[in-house]
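The values are calculated or read from the model by the stated rules, or taken from the named source; none is laboratory data. These numbers were taken from a predicted model, which means no experiment stands behind them. No Cβ is skipped: glycine too gets one built from the backbone with ideal geometry, and neighbour counts run over all protein chains shown. Accessible surface areas use protein heavy atoms only, side chains included; no ligands, DNA or RNA. Shrake-Rupley method; radii C 1.70, N 1.55, O 1.52, S 1.80 Å.
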Amino acid sequence: MSKMELLQGTLEVMVLQTLATMGALHGYGIARRIEQVSGNQVLLNQGTIYAALVRLQQRGWIAAKWGTSENNRRAKYYTITKAGTKQLAADAAYWRQLSEVMGRVLAPVEDAE
Amino acid sequence: MELWRRARAVLRGRAMDQELDEEMASHVEMATEENRRRGMSEAEARRAALAALGGLAAARETHREARGIPLMETLWQDLRYALRTLRRDVGLAAFAILITGLGVGASVTVFSVVHAILLRDLPVADGERLLWIANTGGDGLSARTTQTAYLKDMQGNLSTLAEAGGYFAFYGIGDLKMTGAGEPERLTGVPVTGNFFSLLGVVPVLGTGFTEAETQPNGPDAVMVSHDFWERRMHRDAGAAGRTLLLNERPCRVAGVLPKTFDFGAMFAPGVRVDVFPVFPLSDQSNRWGNTMSVVGRLKPGATAAEAAAEMKVFARQLAKQYPGQNDFTPQVRPLREYVSGSVRTAMLVLSGAVGLVLLIVCANLSNLLLARATARQKEISIRVALGAGRWRIMRQMLVESLLLAALGAALGLALAAAGTRVLAGLETEIPMMALAQLDWQAMGFAMTAAVVTGIGFGLAPAVRMSAVTGSDRGASATRQHTRVRNALVVAEVALASLLLVGSGLLIRSFARVLDVTLGFQPRQAAAVRIDPGRDFPNREARHAYYRAALDAARALPGMEAVGLTDTLPLGKNRTWGAAAKGQVYGPGNFPLAYVRVVSDGFFESMGMTLVQGRTFTANDDKSGLPAIVVNETLARRLWPGEDPLGKVILRAGAPERVVVGVVKDVRHLALEKEAGGEMYLPIWQTGDFSQVDLVTRGGSEALVRNALRGLDPALPLTAFRPLQTLVDTAVSPRRLIALLLGGFATFALLLASLGIYGVISYSVTQRRKEMGIRMALGATGAALQQGILWQTLRLAGAGLGVGLLAAWALTRVLQGMLFGVTPSDPATFGAAMALLTGVALLAGYLPARRAARLNPVETLRLE
């Protein structure tokens, strides 16, 4: 099975969700986590993570701080902000609704007349 | 907030990149380590890590796109590129900035002036509702002013008028003598009705204005003071209101300080600096002084000026029946704004139009210049196109360049305009409201708009031209089209320049004609100084004795050719009286009026006036002598047409009969452009009916006169001597200023047009070098080539002149009201403009033509 291309805007939600569940995490960690959670089904160009991160940061939904990794390496750690949590809730509701609607629209027709 | 972060990200681009690099480096390290743990070799692990990242350069690019403002970023790039390009071509950039600066500077200066005079609200509250209510509209001030009883009746009796007030129009410059604290000084005071400032809606910055008692006849003395006076003489004292000034030796309460924005002189008496405003009582006594008031009214809400005019007319007719003994009142009502600046409206519009033309010429010139440069930049653009720059990108790049030039030019222009506006506002001219011109934020906005419009104006053609460049070379048809555009621009420049030349030529010729009029007096070597002491004399004899002594003292000085006294200098204020020939009956509205001057013996000689018949006054024309009078030729013709006026008698109600002893030539008393009207001269020793007195001297030295007068009255505050030439200069100052400005604009335009011609011809010579080399090799002489090029120049200039002169023919009509002694289609002016432009064009074409004639055919051909 070939990997899925990401829809516009989905990467940001994934990043927010990841930070919400995992706490502070660096870029590489976020990328790996998304790959793992998706069961390696999404085609993630890891470089695009950083574009998503800077966008989220500019919107004030996540914050960044330089820190030290478990192997004593300097890395930039991201955390979700209060505004980000609120945004995530809204986005999650939207995506859930969308996937439900899409599911219904695309469901095989049952009682055709 | 987000936009702000994005903008910051653009500006911190390099730092952001560095941080990202560091972040990705640590990312790669971590990924490599994980890969190695999974069993990959060091090299393989690193390669896989980089692959998963999708390449560092690409990641950096997406990061930049995500964080920045795309348009701003490319604009920033364009701007930096433009700066680099301009640095490579400093000469061109400097020239472009200089002429844009001059163009923008001129237009912003004119804008500030026009803004102050025509556009900005008057410095009063709700000025659109204020009316100027004048009498009849005759020439003298007496004919335009109104008796106080009429003004009093206007208050509260009209359904269209909320309020009416006014000022005493016959105030004298320097009429008040201030003594007491500090240096004694002559002040100019304009007596106003008690409600004048509240009527205008001018609120004092200090104090509360006149009290009820102060506005009553014979109430306590009080003055409002101008902001300037408060700064100059009261040292910005915050407690100025309530202080007492000693004016004409009477203590006077300062009732308030007027705001800085309110300049009475600029509105009602351009060129006059007013210091204080005493109260002018509306009483029976002031009514007996005759026509004295300049009246201002405020419309009731909902009423229009036309309605007020109609009501006022009916009202005046009723009053005339009510007071049969009063002077006529034929009200002329118009908006105050129109009264204040109506007289210079055309001039201001003409100036605005002229700077507009100048800006157009600047645009055409720069457009031409940049088109020429476009050819030189062909290769550079080709490379950029080949590297993938789109058409829009190239066009935008070109426009950014021209906008950058225009912006730099506008910055220079603003500096010039700041200086220009200050100079114009500081001029002592009779142009209303100009003293209030300033470079405010609206002028800055105008400058910015002008910069953008000119930037696009001169950048568009080159930008379109360049954006059409393809990666490969250009065809011959493009060259032809290019030449056509450039030729058209030069034709336009010449046309605009000829329009300006004709316009300014007409005004300059009018100015010269005005200076040429027969004044009726000789201003050279004559000067005048106020000598009335500003104190009360016990009786008329003492007053006359003082003036007699002053006259004799001055006359005794060495080098003095003639000395005289007068109460009225030319080109200043005027009063008129009725003057009837004895034995004549005049119908209503036909009663002869004449300007009155009260003068002494020696006056006619000191002024350099010409006696036509009879004699001038002597010291014997005093109270023991026969009541005498001297008239001018116009009054003599009016009263006794075809008869000898000498010995005839003039009657005036309530005054002795006067016998005409002499006739003098007319003096241009009202304005240089206006005929004199009837004038009569009364001997000063036979009347007390005069207020201010000037001593007029011809020859002699100012210092000696000063000493002599000081000896007579040490407390006499002496103002500077005014050469009579100054009076003439001041009277023509608006005309001179406008002629000067337009002349300057036209000269600039002529210069630019000639540069344009030079540029185009010289370019075409360079282009045709090869062709000309071949023709020379085939036997054409240099002279023939030169002639050909001059013909080409003449064709261009001729086309422009044709268009320009036709346009001038159609447009100079608007100048009609500003012209004097020339018609709008004055052939001499048109001819001169044509000759001047042709001459300049030939000169501009001659330089490249001479270069062509000196071409060495062999060298030229070898070049290719």
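A few points about this structure:
- Contacts under 6 angstrom Cβ, first residue in the stretch B:808-827 being touching a residue at least 12 places away in the same chain (Cβ under 8 Å), partner basic (K, R), 6 or more apart: B:F820/B:R513; B:G821/B:R513; B:V822/B:R509; B:P824/B:R813
- For beta carbons closer than 8 Å, sequence separation of 6+ or different chains, a first residue in the stretch B:607-621 that is hydroxyl-bearing (S, T, Y) and a second that is assigned to a loop (DSSP other than H, G, I, E, B) and open to solvent by 30 Å² or more (accessible area, probe 1.4 Å), the qualifying pairs are B:T610/B:K665.
- Within the stretch B:46-59, tally of residues that are facing chain A (nearest Cβ under 7 Å) and in contact (Cβ under 8 Å) with a residue 12 or more places away in the chain: 3
- Here the helices (runs of 4 or more DSSP H) wholly within the stretch B:207-308 that include at least 1 residues being within 28 Å of B:L727 (Cα to Cα) are B:227-233, B:264-268.
- Filter pass, B:E19 being under 16 Å from A:L53 (Cα atoms) and within 9 Å of another protein chain (Cβ to nearest Cβ): yes
- Criterion (more than 23 Å from B:F537 (Cβ to Cβ) and not in a helix (DSSP H, G or I)) met by exactly one of B:A715, B:A703, B:A720: B:A720
- The listed residues are B:G699, B:G678, and the only one of them that is assigned by TED's automatic domain parsing to the domain that holds B:S600 and under 30 Å from B:G325 (Cβ atoms) turns out to be B:G678.
- Subset of the stretch A:15-36 that is within 10 Å of the chain's Cα centre (by Cα) and either within 16 Å of B:H63 (Cα to Cα) or open to solvent by 60 Å² or more (accessible area, probe 1.4 Å) (or both) - its residue that is farthest from the other protein chains (Cβ to nearest Cβ): A:Q17
- B:T62, sole failed condition from (1) within 21 Å of A:W61 (Cβ to Cβ); (2) open to solvent by less than 70 Å² (accessible area, probe 1.4 Å); (3) more than 9 Å from chain A (Cβ to nearest Cβ): (3)
- Filter pass, B:N291 being surrounded by 18 or more Cβ atoms within 10 Å (Cβ to Cβ) and farther than 14 Å from B:G166 by Cβ: no
- Restricting B:V728, B:V760 to those that are β-branched (V, I, T), within 30 Å of B:V660 (Cβ to Cβ) and out of contact with any strand residue (DSSP E or B) (no Cβ under 8 Å at 6 or more places or on another chain) reduces the list to B:V728.
- Top-ranked residue of the stretch A:69-94 - restricted to ones that are exposed (fewer than 15 other Cβ atoms within 10 Å of the Cβ) and under 13 Å from the mean Cα position of the chain (by Cα), ranked as farthest from A:R59 (Cα to Cα): A:A92
Table: residues versus (1) touching a residue at least 40 places away in the same chain (Cβ under 8 Å); (2) open to solvent by less than 20 Å² (accessible area, probe 1.4 Å).
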site	(1), (2)
B:L712	yes, no
B:L742	yes, yes
B:A746	yes, yes
B:A749	yes, yes
B:L752	yes, yes
B:T766	no, no
B:G773	yes, yes
B:L785	yes, yes
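- Entry remark, the stretch B:165-192: residues being assigned to a loop (DSSP other than H, G, I, E, B) and either under 31 Å from the mean Cα position of the chain (by Cα) or modelled with pLDDT of 95 or more (or both) number 10 in total.
- When B:A407, B:A411, B:A415, B:A437 are checked against the criterion of being among the hydrophobic types (A, V, I, L, M, F, W, C) and either free of Cβ contacts under 8 Å to residues at least 40 places away in the same chain or open to solvent by less than 30 Å² (accessible area, probe 1.4 Å) (or both), a single residue qualifies: B:A437.
Residue-wise test of (1) over 30 Å from B:G165 (Cβ atoms); (2) in a helix (DSSP H, G or I).
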residue: B:G39; (1), (2): yes, no
residue: B:Y81; (1), (2): yes, yes
residue: B:T85; (1), (2): yes, yes
residue: B:G91; (1), (2): yes, yes
residue: B:I97; (1), (2): yes, yes
residue: B:F111; (1), (2): yes, yes
residue: B:L122; (1), (2): no, no
residue: B:I133; (1), (2): no, no
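- Residue in the stretch B:473-532 that is modelled with the highest pLDDT, counting only those that are of a type in the set (S, T, Y), open to solvent by 10 Å² or more (accessible area, probe 1.4 Å) and assigned to a helix (DSSP H, G or I): B:T483
- Condition check for B:E633: under 20 Å from B:A550 (Cβ atoms) and open to solvent by 30 Å² or more (accessible area, probe 1.4 Å): no
- Scanning the stretch A:37-62 for residues that are open to solvent by 40 Å² or more (accessible area, probe 1.4 Å), more than 10 Å from chain B (Cβ to nearest Cβ) and out of contact with any Lys or Arg (no Cβ under 9 Å at 6 or more places or on another chain) yields A:V37, A:G39.
- Of all residues making up the stretch B:571-625, the number that are of a type outside the set (V, I, T), modelled with pLDDT of 90 or more and either closer than 18 Å to B:E679 by Cβ or buried (at least 19 other Cβ atoms within 10 Å of the Cβ) (or both): 17
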